[in-house]
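A.B. asks: Handing you this structure, nothing more for now.
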Amino acid sequence: MRLVILGGPGAGKGTQAQQLCSTLSIPLLAVGDILRGEIAEDTDLGKLAVSYVERGELVPDATIVEFFRRRLLLWDVFNGWVLEGYPRTAFQAEELDFLLSDLAQQLDWAIWLKVPIEVLLSRSIERDRSDDSPEILQRRLDLFEEQTIPILDYYEHRHKLLTINGDQSPEQVQQDILKVVNS
């Protein structure tokens, strides 16, 4: 099973992705965690990404696609994966499809955790991470609105989009996801 988790900042992508990986016994590829780790370790990817992350901006597509090209060749993703935090734009979704095609893989589902903006903002403030200051949060929500929403049309057109109500308990969201992906 190859899945992408989509949603705004605070939608519960990380929580749902971790639970899906545990249930399906496949690895989690969480872009935010990977980038924070690369920045902390001062790697080449981290050096490229740090200024974008600090401003709440998206890391350039070419950098992320190259990272995934290398990552999706490793043995542990042979039986599937859950991708969280990427793609964030329709262009990135298309690039991911091209990459998967090159690697003889195919995305099963893009799971959209639909959560009202007010709830996203509230949840993001509650989690109190260093990269969740009010200014950065607002910038991320603005980017989400203008760049991420069109991705839904991309996956809908390809019959790969599953819309899940993300404004309910994490347990109920997980049940709703599993009900659909296992049917």
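The values are calculated or read from the model by the stated rules, or taken from the named source; none is laboratory data. A quick note: this is a predicted structure, and the numbers were derived from the prediction, not measured. In this analysis, Cβ positions are derived from the backbone assuming ideal geometry, glycine residues included, and neighbour counts consider all displayed protein chains.
A.B. asks: Of the numbered conditions (1) touching a residue at least 40 places away in the same chain (Cβ under 8 Å); (2) in a helix (DSSP H, G or I); (3) touching a helix residue (DSSP H, G or I) at 6+ places or on another chain (Cβ under 8 Å); (4) loosely packed, with under 15 Cβ neighbours inside 10 Å, Glu135 fails exactly one; give the number of that condition.
C.D. replies: (3)
A.B. asks: Which of the numbered conditions does Lys179 fail, given that it passes all the others? Conditions: (1) at pLDDT 85 or above; (2) exposed (fewer than 15 other Cβ atoms within 10 Å of the Cβ); (3) more than 23 Å from Gln19 (Cβ to Cβ).
C.D. replies: Looking at each condition in turn, Lys179 falls short on (3).
A.B. asks: Of the numbered conditions (1) modelled with pLDDT of 95 or more; (2) of a type outside the set (Gly, Ala, Ser); (3) outside any loop (DSSP other than H, G, I, E, B); (4) more than 12 Å from Val4 (Cβ to Cβ), Gln168 fails exactly one; give the number of that condition.
C.D. replies: Gln168 satisfies every listed condition except (3).
A.B. asks: Something else now. Provide a single number: the residues in segment 34-76 that are closer than 28 Å to Leu178 by Cα, touching a residue at least 12 places away in the same chain (Cβ under 8 Å) and surrounded by fewer than 16 Cβ atoms within 10 Å (Cβ to Cβ).
C.D. replies: Residues flagged as closer than 28 Å to Leu178 by Cα, touching a residue at least 12 places away in the same chain (Cβ under 8 Å) and surrounded by fewer than 16 Cβ atoms within 10 Å (Cβ to Cβ) within segment 34-76 amount to 4.
A.B. asks: Residues that are more than 21 Å from Gly166 (Cβ to Cβ): which helices (runs of 4 or more DSSP H) entirely in segment 1-80 hold 3 or more of them?
C.D. replies: 31-40, 44-55, 61-71
A.B. asks: Scanning segment 93-116 for residues that are surrounded by fewer than 14 Cβ atoms within 10 Å (Cβ to Cβ), of a type outside the set (Asp, Glu) and part of a helix (DSSP H, G or I), which turns out farthest from the chain's Cα centre (by Cα)?
C.D. replies: The extreme case among them is Ser101.
A.B. asks: Scan (1) closer than 21 Å to Lys179 by Cβ; (2) modelled with pLDDT under 85 for the single condition Leu24 breaks and write down its number.
C.D. replies: Of the numbered conditions (1) closer than 21 Å to Lys179 by Cβ; (2) modelled with pLDDT under 85, the odd one out for Leu24 is (2).
A.B. asks: Could I ask something else about it? Can you tell me how many residues within segment 141-171 are within 20 Å of Ser22 (Cβ to Cβ), surrounded by 13 or more Cβ atoms within 10 Å (Cβ to Cβ) and without any contact (Cβ under 8 Å) to a residue 60 or more places away in the chain?
C.D. replies: 3
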